[in-house]
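One structure is given below, encoded as structure tokens.
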Amino acid sequence: LSAGDPERLQTRITFSRGDVRDVPKLWSLLQGVDVVYHLAARVSVPASLLYPREYNDVNVGGTVALLEACRDVGIRRMVLTSSAPIYGNQTTEIVNEEMPPRPAVPYAVSKLAAEQYMFNIGMHSGFETVALRIFNAYGPGQPLPPSHAPVIPQFMQQVLGRGSVVVFGDGRQIRDFVFVDDVVQALVSAADAPHVDRQIINVGSGQGATINELIGVIEKVAGRSANVLHNTERPSGLSRLVADLEKAKQLLGYQPQTELFAGLQRLMDEDPIFQHLRPVADA
């Protein structure tokens, strides 16, 4: 939770602050644990271009350290939150798990390496492993850092605050935006689902939306018009990326429930960072 907020945790959760690379600390925390969810990572694509060594150190080195600890204490299964940018630019809009990885940025390279280390060490150490390739997740509680912010909370803040929405390129890039509750559904299912050992599984909404369409939906939710400015497209940007969900449906019983409008409405209504920006309803 180095990029999150411990105050958002439920009171029944025991929180221990530490470094994912600290194997002795991991030994103590993993005693008696059956399933490990590995969500610890650096996640900014632009930042990974600036700090590739740090991304390798945390995302790859931290994963290997956790795997060593899991091996030593004898867990049953690890569930890794991996990432859709591993696919890179493919020849089709909808991507399935059999497509060859084409990581175009250090972040994606680090997540692909983390997957491979997990499958390899798990196989040799006798515990099960599964990687969920999460697409563009969003929802209440998502951090909004001053630099390299995730696109949805950043755009929401800019539209609600009557600022300028900066779009890189023409805005026709296609993404798969998946609400956090649907991601949690997949994560929970992955703990006990049979026949998932050493499997890669997509987790998304299965629906594509262009960046321009995303802005349009945010405008409807916010009840305000966006002042859109276009900047030069980033060379590392992907033109289209939408999840094929057949494998997730078969292995996890996964079925996303939240459409984009409803998810953005919940984001605006439930996230306290937008509380002072929300439009006031007419009396």
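Report the residue count in the range 194-223 for those that are among the β-branched types (Val, Ile, Thr) and closer than 10 Å to LEU260 by Cβ. Outline the logic, then answer.
Quick first cut of the range 194-223, residues among the β-branched types (Val, Ile, Thr) only: 196, 200-201, 203, 210-211, 215, 217-218, 221.
Then drop every residue that is not closer than 10 Å to LEU260 by Cβ, which leaves 217-218, 221.
Adding up the residues that qualify gives 3.
For the subset of the range 13-46 comprising residues that are surrounded by fewer than 13 Cβ atoms within 10 Å (Cβ to Cβ) and among the charged types (D, E, K, R), which member is modelled with the highest pLDDT?
ASP34
Quick check on the range 236-249. Is at least one of its residues farther than 22 Å from ARG102 by Cα and not in a loop (DSSP other than H, G, I, E, B)?
yes
Only residues that are in contact with a Leu (Cβ under 7 Å, 6 or more places away or on another chain) and in contact (Cβ under 8 Å) with a residue 60 or more places away in the chain: list them for the range 86-103, please.
Selection gives TYR87, GLY88, ASN89, VAL95.
Among the numbered criteria (1) over 19 Å from GLN158 (Cα atoms); (2) in a helix (DSSP H, G or I), which single criterion is violated by ASN212?
Unmet for ASN212, out of (1) over 19 Å from GLN158 (Cα atoms); (2) in a helix (DSSP H, G or I): (1).
For the range 104-130: of the residues being among the aromatic types (Phe, Trp, Tyr) and free of Cβ contacts under 8 Å to residues at least 60 places away in the same chain, which is farthest from SER82 (Cα to Cα)?
PHE127
Could you please let me know if PHE135 is out of contact with any Gly (no Cβ under 8 Å at 6 or more places or on another chain) and either modelled with pLDDT of 95 or more or on the phi > 0 side of the Ramachandran plot (or both)?
no
Restricting to the range 216-253, give me the number of residues that are over 17 Å from the mean Cα position of the chain (by Cα), buried (at least 22 other Cβ atoms within 10 Å of the Cβ) and either closer than 14 Å to VAL151 by Cβ or at pLDDT below 95 (or both).
Selection size over the range 216-253: 1.
Just one of LEU187, LEU267 is part of a helix (DSSP H, G or I), over 23 Å from ASN96 (Cβ atoms) and either in contact (Cβ under 8 Å) with a residue 24 or more places away in the chain or among the aromatic types (Phe, Trp, Tyr) (or both); which is it?
After applying the criteria, what remains is LEU267.
Going by the conditions given, is VAL130 in contact with a helix residue (DSSP H, G or I) (Cβ under 9 Å, 6 or more places away or on another chain) and over 26 Å from GLN185 (Cβ atoms)?
Values: in contact with a helix residue (DSSP H, G or I) (Cβ under 9 Å, 6 or more places away or on another chain): yes; over 26 Å from GLN185 (Cβ atoms): no.
Here the answer is no, as VAL130 does not meet what is asked.
For the subset of the range 223-252 comprising residues that are touching a residue at least 24 places away in the same chain (Cβ under 8 Å) and among the basic types (Lys, Arg), which member is farthest from VAL196 (Cα to Cα)?
Out of the qualifying residues, it is ARG224.
In the range 133-191, what residues are among the hydroxyl-bearing types (Ser, Thr, Tyr) and over 20 Å from GLY204 (Cα atoms)? Write out each step before concluding.
Residues of the range 133-191 among the hydroxyl-bearing types (Ser, Thr, Tyr): 138, 147, 164, 189.
Across the range 133-191, the qualifying residues are SER147, SER164.
Which pairs turn up if I take residues in the range 144-170 that are closer than 15 Å to ASP271 by Cα and among the aromatic types (Phe, Trp, Tyr) and look for partners that are part of a helix (DSSP H, G or I) and modelled with pLDDT of 95 or more with beta carbon separation below 6 Å, at least 6 apart in sequence or on another chain?
Cβ pairs passing all conditions: PHE155/ILE218.
Working only within the range 195-209, note down all residues that are assigned to a strand (DSSP E or B) and not aliphatic (A, V, I, L, M).
Initially, the range 195-209 is screened for residues assigned to a strand (DSSP E or B), giving 199-203, 209.
Selection gives GLN199, ASN202.
The values are calculated or read from the model by the stated rules, or taken from the named source; none is laboratory data. This is a predicted model, so every value here is computed, not measured. We place every Cβ from the backbone using ideal geometry, glycine too, and count neighbours over all the protein chains shown.
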